[in-house]
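Worksheet: one structure, shown below.
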Amino acid sequence: MTTTRFSALIAERTRSSHSDSEGATFMSDLMKGHGTKRDYAELSAQHWYIYEALESCAADLADDAVASPFLAPELRRLPQLERDLEHLFGSDWRSEISALPTTAAYADRIREVASSPASFIAHHYTRYLGDLSGGQFIARLVRRHYGLGDRGVEFYDFDQIENIDAFKENYRMLLDSAPWNDIEREHMIEETLLAYRFNSDLFTDLHRAKVA
Ligand code: HEM
């Protein structure tokens with residue numbers, strides 16, 4: 001008898017939510033070259049609020065026995081993201097950006113569940129494994145379509161990770177071996193579905209803001 005790995009179960013249970021996020025109009029337009037450099041800049045701005053929440057909560061969880069193995073320092077994105085924003089908006093980027101409603105709710109939710117490692121890791125997994133997966137493809141297309149070179153797209157460069165596939169496999173093994181019972185595993189999957197919903201809703205907000 002073969003048992004499904006927990007990491008494979010998460011991927012399976014969230015497949016259609018992933019497709020919804022990937023296929024959102026704002027994202028698919030951006031990927032097809034039908035967006036603008038400004039659209040990409042707006043997306044990066046929203047990322048700042050999300051990663052600020054993720055990475056400040058991760059710092060608070062550094063001593064948590066369950067969460068800490070997932071919190072590899074080489075995943076940290078804020079320094080790269082801030083360099084991107086400086087390039088995209090100029091040195092005054094902080095006063096140029098603001099959180100859209102979904103972004104604010106998403107960041108609040110991350111902070112709210114940070115006391116529960118399984119729920120926090122759901123958010124961590126959804127963003128960082130996504131950045132290490134489709135994110136690599138997104139970076140190539142954004143560079144190509146919107147005339148960005150080395151600067152402005154550093155967010156997707158994980159220079160300190162030598163082998164992305166091996167890193168992702170190790171992360172999946174951490175998910176498989178986390179000491180969660182069935183109820184906690186179910187919470188983790190539910191929270192991952194919620195994280196995908198925030199990402200899809202954010203694309204809707206970005207699309208609305210653009211057409212307005
Ligand atoms: C244009 C948009 C996107 C594309 C083209 C894309 C593409 C992909 C691909 C090809 C994989 C599989 C990689 C592998 O097997 O190693 C993947 C995995 C993943 N993506 Fe995306 N993706 C996109 C958007 C997103 C978004 C918006 C999120 C959520 C924030 C996301 C989260 C994930 C996650 C968590 C995984 C890892 C699944 C796992 O191995 O458990 N992706 N993506």
Q.
Residues to consider are SER7, SER19, SER56; find the one that is near the ligand (Cβ under 10 Å from one of its atoms), at pLDDT 95 or above, part of a helix (DSSP H, G or I) and in contact with a helix residue (DSSP H, G or I) (Cβ under 9 Å, 6 or more places away or on another chain).
A. SER7
Q. Would you call ASP60 more than 16 Å from the chain's Cα centre (by Cα) and of a type in the set (Asp, Glu)?
A. yes
(Q) Being at negative phi, in contact with a Ser or Thr (Cβ under 6 Å, 6 or more places away or on another chain) and of a type in the set (A, V, I, L, M) is true for just one of ALA195, ALA104. Which residue is that? (A) ALA195
Q) Do you know which of the residues in region 22-39 that are crowded, with 16+ Cβ neighbours inside 10 Å and part of a loop (DSSP other than H, G, I, E, B) is farthest from the ligand (Cβ to nearest atom)? A) GLY35
Q) Does region 72-88 include one or more residues that are away from the ligand (no atom under 13 Å from the Cβ), at pLDDT 95 or above and part of a loop (DSSP other than H, G, I, E, B)? A) yes
Q. How many of the residues in region 175-187 are within 12 Å of the ligand (Cβ to nearest atom) and either touching a Leu at 6+ places or on another chain (Cβ under 6 Å) or closer than 18 Å to ARG127 by Cβ (or both)?
A. 1
Q) Between residues in region 144-157 that are closer than 13 Å to GLU86 by Cβ and assigned to a helix (DSSP H, G or I) and residues that are among the polar types (S, T, N, Q) and at pLDDT 95 or above, which pairs lie under 9 Å by C-beta distance while being six or more apart or on different chains? A) GLU154/GLN80; PHE155/SER44; PHE155/GLN80
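So that you can scan it fast, the table gives a plain yes or no per residue for (1) charged (D, E, K, R); (2) touching a Ser or Thr at 6+ places or on another chain (Cβ under 9 Å):
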residue	(1), (2)
LEU61	no, yes
ASP64	yes, no
PHE70	no, no
PRO79	no, no
GLU82	yes, no
LEU85	no, yes
GLY90	no, no
(Q) Looking at GLU190 and the list (1) part of a helix (DSSP H, G or I); (2) away from the ligand (no atom under 14 Å from the Cβ); (3) touching an Asp or Glu at 6+ places or on another chain (Cβ under 7 Å), which single condition is not satisfied? (A) (3)
Q | Residues satisfying the stated conditions in region 94-134, i.e. of a type in the set (Gly, Ala, Ser), within 12 Å of the ligand (Cβ to nearest atom) and assigned to a helix (DSSP H, G or I) | A | ALA122, GLY130, GLY134
Q) Cβ-Cβ below 8 Å, separation at least six or inter-chain, first residue in region 10-37 and closer than 16 Å to LEU202 by Cβ, second at pLDDT below 95 and surrounded by 13 or more Cβ atoms within 10 Å (Cβ to Cβ): which pairs? A) PHE26/LYS210
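The values are calculated or read from the model by the stated rules, or taken from the named source; none is laboratory data. Everything quoted here is computed from the prediction, not taken from an experiment. Ideal geometry is used to build each Cβ from the backbone, glycine not excepted, and the neighbour counts take in all protein chains shown.
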